[in-house]
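Just below is one structure, and these are the notes that go with it.
The values are calculated or read from the model by the stated rules, or taken from the named source; none is laboratory data. As the structure is a computational prediction, the values presented were derived from the model and not from experiment. Cβ sites come from the backbone with ideal geometry, for glycine too, and all protein chains shown count toward neighbours. Remember, those area values only see protein heavy atoms, side chains included, never the ligands or the DNA or RNA. Shrake-Rupley method; radii C 1.70, N 1.55, O 1.52, S 1.80 Å.
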Amino acid sequence: MRGRFLTFEGGDGAGKTTQIELLSQALTRAGQDPLVTREPGGTKLAEEIRHWVLHHASSIDAETEVLLMFAARSHHTREVIEPALASGRWVLCDRYTDASYAYQGGGRGLAHSLIASLEQIATGGLKPDLTILLDLGIDDGIRRTGGRGTHQDRFESEEAAFKERVRAAYHHIAETSSGRMVNLDASQAVDELYNQIKLLVNERFGVSID
Ligand code: TYD
């Protein structure tokens with residue numbers, strides 16, 4: 001049987017890494033062998049692209065940025081995600097195509113149609129079975145990532161208006177995704193949020209994780 005593909009989205013500082021780790025441990029306890037991965041990244045090539053896009057100081061125009069995101073995604077999808085799903089593994093991915101619609105579409109203002117064309121090329125239309133949006137107010141997100149100081153990446157250091165556009169784009173996707181993306185309040189305590197995720201996964205996929 002084909003594995004399940006779950007992705008996690010949200011603004012910076014929403015706590016995706018922690019929740020992915022908790023879910024991965026629970027799935028492992030339930031006898032699964034989940035693959036945890038991230039975007040941009042997940043292959044050697046895609047991690048190199050990540051480094052350039054997030055941490056290189058030189059300016060990158062919006063078109064180049066979106067092409068780099070999708071080059072990384074194309075490699076990651078073909079080399080890692082599809083083979084894992086085909087072998088029956090659950091894949092838990094920290095961000096996927098929704099992030100391009102939110103950041104490069106909402107944030108940078110690139111056209112939806114452009115991103116949709118790139119999505120088709122890079123993913124062949126692969127959609128997550130479930131996407132969990134960890135939704136957090138911009139001020140809370142800035143407070144939580146503030147500790148990263150001068151090590152902020154290209155997107156963390158963007159102005160508040162950019163982050164508001166990203167958040168609005170995620171809300172729009174959640175509202176129009178026919179239940180594929182579920183919006184959860186990420187300002188809750190870690191264990192409360194995890195309980196909601198656990199219930200959702202149990203309900204959607206008929207597994208029993210604790
Ligand atoms: P993030 O997932 O927040 O990792 P960390 O928590 O380690 O900082 O960092 C990835 C950044 O890349 C995030 O700010 C969103 C951005 N991004 C895009 O702009 N477009 C994309 O398609 C993807 C996958 C990420």
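Here is the size of the chain from its Cα atoms: Rg then Dmax, 16.4, 47 Å. Label-to-label distance for L126 and V207 is 1.7 nm, based on points extended 7 Å past Cα in the beta-carbon direction. Taking the dipole about the Cα centre of the chain, with the C-beta of Lys and Arg at +1 and of Asp and Glu at -1, give me whichever of M181, T37, H151 is farthest to the positive side. Projecting each Cα onto the dipole axis, the largest value belongs to T37.
Rounded to the nearest percent, how much of the accessible area of segment 5-203 (1.4 Å probe, protein heavy atoms only) is carbon and sulfur?
Working: 4750 of 9100 Å².
That fraction is 52 percent.
Based on protein heavy atoms only, segment 5-203 ends up with 46 Å² per residue of surface accessible to a 1.4 Å probe. Starting from segment 121-210, pick out the GluC sites (Glu not before Pro) whose DSSP state is loop and whose Cβ has at most 12 other Cβ atoms within 10 Å. Answer by residue number: E159. From the residues L67, L85, G107, which one has its Cα farthest along the dipole of segment 5-203 in the positive direction, the dipole being from +1 and -1 charges on Cβ of Lys/Arg and Asp/Glu about the Cα centre? Checking the options against the dipole of segment 5-203, the answer is L85. Here the peptides 108-117, 2-11, 32-41 are ranked by packing, the mean other Cβ count within 10 Å, and the order with the highest first is 2-11, 32-41, 108-117. For the chain, a simple Cβ point-charge model (Lys and Arg +1, Asp and Glu -1, everything else neutral) yields a dipole of about 460 debye relative to the Cα centre. With a simple spin-label model that places each label point 7 Å from the Cα along the Cα-to-Cβ direction, the separation between H112 and E159 comes to 2.5 nm.
Cross-link check: pairs K127/K198; K163/K198; K44/K198 evaluated at a Cα-Cα cut-off of 23 Å; pairs beyond the cut-off: K163/K198; K44/K198.
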